[in-house]
1. Would you mind counting up the charge near B:Thr85? Only other residues with Cβ under 14 Å from its Cβ, with Lys and Arg at +1 and Asp and Glu at -1.
2. Relative contact order, percent, of chain A when contacts are C-alpha pairs under 8 Å separated by at least 6 residues?
3. Could you tell me which of A:Ile384, A:Phe246, A:Leu215 has its Cα farthest along the dipole of chain A towards the positive end, charges placed at Cβ (Lys, Arg +1; Asp, Glu -1), taken about the Cα centre?
4. Which pairs break 20 Å Cα to Cα here: A:Lys154/A:Lys189; B:Lys189/B:Lys217; B:Lys229/B:Lys382; A:Lys132/A:Lys353; A:Lys338/B:Lys252; A:Lys290/A:Lys338?
5. Antiparallel DSSP bridges in segment B:50-274: what percent, to the nearest 5?
6. Net charge near A:Trp221, counting Lys/Arg +1 and Asp/Glu -1 over other residues with Cβ under 15 Å of its Cβ?
7. Kindly identify segment A:180-279 as rounded, prolate or oblate by the Cα gyration tensor criterion: order the square roots of the eigenvalues as a ≥ b ≥ c, call it rounded if a/c is under 1.5, otherwise compare a/b with b/c, prolate if a/b is larger, else oblate.
8. Ordering B:Asp280, A:Asp208 by how much accessible area each has at a 1.4 Å probe, largest first, what is the list?
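The values are calculated or read from the model by the stated rules, or taken from the named source; none is laboratory data. These numbers come from a predicted model, not from an experiment. All Cβ positions, glycine included, derive from the backbone under ideal geometry; neighbour counts span all protein chains shown. These accessible areas exclude ligands, DNA and RNA; they are computed on the full protein's heavy atoms, side chains included. Shrake-Rupley method; radii C 1.70, N 1.55, O 1.52, S 1.80 Å.
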There are 2 protein chains.
Amino acid sequence: MDISHLLTSHSRNMEASLVRELLHYSQQPDVLSLAGGLPDENLMPAYPELKQLTDSRQYGPSEGEKDLRECIVSIVAERGIQTSTDNVLVTNGSQQGLDIVSRLILDESSTILTEQPTYLAACQVFKLQGAKVQDVMSDAEGMSVSALRDAIEKHHPKAVYLIPNFQNPAGHCYSLERRLEIAALLDEKNILLIEDDPYRDLCYDNVDLTPISTLIKQAPWLYMGSFSKVLWPGLRTGYIVSCDAFSPYLVKVKQAVDLHTNRLGQSMITQFFKSGQYPDHVIKLQKAYKEKRDVMAEALNAELGDLIEFSLPAGGMFFWVKLPAGVSSQLVLTEALKDKVLVLPGTPFFPCKSSLDDSFLRLSFARVSPAQIHQAITVLAKVIRQLV
Amino acid sequence: MDISHLLTSHSRNMEASLVRELLHYSQQPDVLSLAGGLPDENLMPAYPELKQLTDSRQYGPSEGEKDLRECIVSIVAERGIQTSTDNVLVTNGSQQGLDIVSRLILDESSTILTEQPTYLAACQVFKLQGAKVQDVMSDAEGMSVSALRDAIEKHHPKAVYLIPNFQNPAGHCYSLERRLEIAALLDEKNILLIEDDPYRDLCYDNVDLTPISTLIKQAPWLYMGSFSKVLWPGLRTGYIVSCDAFSPYLVKVKQAVDLHTNRLGQSMITQFFKSGQYPDHVIKLQKAYKEKRDVMAEALNAELGDLIEFSLPAGGMFFWVKLPAGVSSQLVLTEALKDKVLVLPGTPFFPCKSSLDDSFLRLSFARVSPAQIHQAITVLAKVIRQLV
């Protein structure tokens, strides 16, 4: 049956996420995967006992549970964001936060600016709304301020989407100076900032993490967080904190799209925070992931240091590796898979066509053991050396 | 801060659901609410023990858990729908199912046909996509076939949205003859059916419940179900079963909008079905709700039988009451609230302007006790008699 006449032009052209498409390979027990963005389940706490939780069986509020929103107010206050529960919306992971914001502000007439490279699933929802996604040159300190100024003047964007801390995929963390410059430029141009901050607690070095949202004086902003990287991604719980004007609109979209987020998940996360276990849990995560990061850096240097380029990510889950000239990331994927190692080509992280887009791999160290990291990088080195 | 320039034309015009807006009244302990669509929490089973469940902490598949999809295949097989897990998508309640389908097929150029009256939150998502919602005259046996034919020929709709069993709000249950006629017409015109069936297990009388999707021979169809009315709405778990061609598109939209549905909720629902408790649970629900329905019918007849019109719903949660000529449902809401009784005006259930739209109340008997039903209808009778 042909149903293509029923689809909208945006949904007809929708691409599935390469990461999700590769998921079935990564679930094969003999495949070593560096491809996904999955945290290590060995580091996830057990769920709290059901009897400790409030009754969550009935329908709940679209905004999210009040006690979780109070908890989020405290969490973001420590980051410098002063807000109230009225400006917190609980979402099904921060992915839904991106979708809700897209529904609210983007249509065929809109342009949104992103880093180059950027999070592929953000582009997916932006494009599903028909928006034009324009990437802006970015370096190790963050998005280029002059390129951003040029892009704002040229494209008149609805918003700028940034992942300032341990960016997915590039691993970059913005310098404080860059954060200040970008905030000042957004204020000057009155451009909406969408700040996505899911990785900030996975911080291994001493870097600045000031939310750009707190540096903005007048421009509108939306700040998105997630519990998926630090607690239980299977519970799909994230949040949007907004400047005042946005809240009523965000709640109405949430109401329309699924009434509210699963209450049991919200209750579990609240309970975990209230129990006081979170600070120690983060220390444990940071220690374990830092060790894996250092093992991967060492293995990459030892096996491929003469051929590839990368910088050490100060946090997060990913190395962003530039391949030797002429080596195709797609080909590396195919060849490495023959040796049961799954890597993710950088291609889908480039929203606009780029001559660079087949030259990168995103390698995750989060879910593999130090021994597996060595094993995978050995295979990768063999494959890359054969392709040079 | 004015952000209206940032909103899309569809989100700017979005109305909040009156039901959700009234929720805060219904949560006041001294207010008796007949307004919501909330099931009775006293009839909800306890959650299964966590230790009986599979580990759900990690990210999961966008389609939903395989064992829940297998379970849904069995559930719908009993209803006459032969399908496979490939054609089942788990959603955050059937509300998200409506949203995902809307994202896929509706845009500014689309018209969708609905019953008159119809489920207000469906119209909310259809309109958020910019689609035109056109209602079609409906009676106690379902949507008028001749009116549907005329509307198809006039409006060239993308789809027809129907709630054939214990419709929200009108409580109607389609006759088998009407189901067959509608299926034949949709086949003749090759129009997509979106069949929404959340209430079917809340069945109190002997009526036909054949899914129209099973009577269709060639036209495309989507069938939507929910666990919210029979188990735990707070877990936000529903599903879409589709004819073959739709599945890959539905999964891609799901992936884009929130990656996947909360896994713990899915696991709990699967466990409940696998435990074999469901058949007895449904008998318990039917018995309790039937009693409440009969109490409400008796009270309405005794107190208001000479003034109002309604038919006895054979299932579901709602009475759809036509007020005496000249009595405004909005005024009944306001006046009854002074006596701490909350009722829902029919207005928001009319997607198109109608001379009838201020003449109905939707009264839910699901969450109130027999004594409270008597008390609320007594207040309602007093209010209506004062307004006649």
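1. -4
2. Relative contact order comes out at 23 percent.
3. Sorting the options by dipole projection puts first A:Phe246.
4. B:Lys229/B:Lys382; A:Lys338/B:Lys252; A:Lys290/A:Lys338
5. Antiparallel: roughly 40 percent of the beta bridges in segment B:50-274.
6. -2
7. oblate
8. Sorted descending by solvent-accessible area, the residues read B:Asp280, A:Asp208.
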